[in-house]
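Read through the structure below, which is laid out as structure tokens, and then see the notes.
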């Protein structure tokens, strides 16, 4: 038999009889899934039982939340769909935080859960939870599958929905009897065809013309760049657009990396903890071009006072986001890449020299108050540690941050040059994200120098995943920005609750000793000079390294938009003299 | 103020829950919701009355379109449409009052659908106003029980139920748009 005819006869083998569990893995294999992050249990065991026969690597997490964050980090680093798996009941409910994280940040995930047998549904059986009901508001879509022959159509549709349009998590809950039952498997027949789902929008020509009129006629324009640019792989087009029009670029937290940090048109992060000059530029603009961002309350400040003099163009793939928070003049609904391709031929070059010079003037005022200009006074500040980590990794690390003060300092002081080099949770903000997401990121990009930057509070929420890291032999370096307290909450107490520090001080374990219990090398850093040396040691070490960086406890993230205030009314860092 | 939507959805388990959950999640108040089959197999039709203004109505429509099982959303609030509510009202009726009640029922073009020694059951269809009014005039006789379906709506003219199309055709079909004012001359403004 020739190869051709063998392949032809291979095709004729379909449909063939398989168990539901085999169909799950057959579908994952055909969706080119290389890694599944999960935790086994009774109701998903039929799938686990047949998994070794397929070319899929299972990563055993220590908690299902960790498994979903790993899949999320895997998706964000590699650009594919992340897959997480868990059993029914507690396995499924433990996934909830991870799923909500992916939903808020538009991360493409397929979460597969086992469910009790269909005959037991509704009987409050052991480990039965209505997980499709629980996850209804935090998934893009979900499925309860009770028959083996429904598995392939549901899974194919789940992958299609997760990755198309505005990406998001999709959960497929499969009963144990559906996994154990048999049916004929026909991949072609299971082609996804959800009749009401239309993810591909294109802007209308009239809207494109109107947008071009605004762009070409503006004197003080600013581009607001968000996660959609990364998800839409439009980084090069954004760069071309900004350079041709000479429009400065501000970004949301999740937009960081989509535009080179050292580019002359890069302003940096806007929003609650954005640099003051960036927010001032946004507030003074006469045109905002929002690309793949959703005017989250963290970036607008008080809505009524947001960019009062600016016309607004919103380029967004999700029609429901346009005019949701901020009324706009033109909504261009579509993939950022398609929209920019439509806009680019029509933009006229413009040097905007006066406007750029004006923004530079705003910058000078803020630079004087930057902590990076402060003299070394013997204290180790987190902002200095992260700045030095940036230099020591030559700005080339893939950084995964947790949630809190360190996350903002990272966004301010680690300058990212390339896309998908910062992975962080912007929407939901779950502490405990960094360590598992970093594991997923490293598995997606084995050549990347992956650093998890995490607070001492958030680290302890998912530090059990150190076990996963060791078991999988994943080389992720961890920098704990250890200030001995829940810093961001403490900061809120300091500014808005009369400095009553209730329930924010932490009694921590010795993280270096803890690391050694896992066979991980731990290094304690207590002075500024130690940061670069520790990073160098981490780079030279084969396995994972954990840095316990003991930083000033009472420091706060500056600048900060005052509660309920406009974007340009910021609380500024006191000058260095005042801190002494 | 209220907005009325006609929503076509796939006839699958849990779809009503998805729609209702959306309104709860986005803090929109459902004033009435009716569901039923259509003439097309696999397609159900909802009439939803929501307490929201035009701006809110646009958000509702856009969010409904994000539900995978939603096929089409028509905001019929200000389009020519027929609105109907159906009510059944059980009212006390003695030998003396019975004929009075029957006269009132005639005036409202309602029908008596059940007669018992001490009561009558009245069936009435019409706008909510008309039914409210009939309830008001029957109340002095003693309303024992009343049930209303909530508003159903249908746009006038030739628009029809969407078919459940295969994906390939659906992808070629017209794209759902952000809800907006009818096209006016000049630049497109998305805000009211």
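The values are calculated or read from the model by the stated rules, or taken from the named source; none is laboratory data. Not measured: the values here are computed from a predicted model. Reconstructed Cβ throughout: ideal geometry from the backbone, glycine too, with neighbour counts over all protein chains shown.
Worth pointing out:
- Residues satisfying the stated conditions in segment A:91-126, i.e. closer than 15 Å to residue A:64 by Cα and either assigned to a loop (DSSP other than H, G, I, E, B) or not assigned by TED's automatic domain parsing to the domain that holds residue A:22 (or both): A:94, A:95
- Just one of the listed residues (B:112, B:101, B:89, B:48) is at pLDDT 95 or above, under 28 Å from residue A:137 (Cα atoms) and either part of a strand (DSSP E or B) or more than 14 Å from chain A (Cβ to nearest Cβ) (or both), and it is B:48.
- Residue among A:240, A:250 that alone is away from chain B (no Cβ under 14 Å) and either buried (at least 18 other Cβ atoms within 10 Å of the Cβ) or under 15 Å from residue A:335 (Cβ atoms) (or both): A:250
- Residue in segment A:139-161 that is nearest to the other protein chains (Cβ to nearest Cβ), counting only those that are touching a strand residue (DSSP E or B) at 6+ places or on another chain (Cβ under 6 Å) and part of a loop (DSSP other than H, G, I, E, B): A:140
- Strands (runs of 3 or more DSSP E) wholly inside segment A:162-268 that include at least 1 residues being closer than 30 Å to residue A:135 by Cβ and over 28 Å from the mean Cα position of the chain (by Cα): A:169-175, A:182-185
- All positions within segment B:51-82 that are away from chain A (no Cβ under 12 Å) and touching a helix residue (DSSP H, G or I) at 6+ places or on another chain (Cβ under 8 Å): B:52, B:75, B:77
- The residue that is nearest to the other protein chains (Cβ to nearest Cβ), counting only those in segment B:1-45 that are touching a residue at least 12 places away in the same chain (Cβ under 8 Å) and part of a helix (DSSP H, G or I), is B:18.
- Enumeration of residues in segment A:555-580 that are at pLDDT 90 or above and over 27 Å from the mean Cα position of the chain (by Cα): none
- Segment A:116-138: number of residues that are facing chain B (nearest Cβ under 10 Å) and either in contact (Cβ under 8 Å) with a residue 40 or more places away in the chain or surrounded by 18 or more Cβ atoms within 10 Å (Cβ to Cβ) (or both): 3
- Per-region count, segment A:428-458, residues out of contact with any strand residue (DSSP E or B) (no Cβ under 6 Å at 6 or more places or on another chain) and in a helix (DSSP H, G or I): 6
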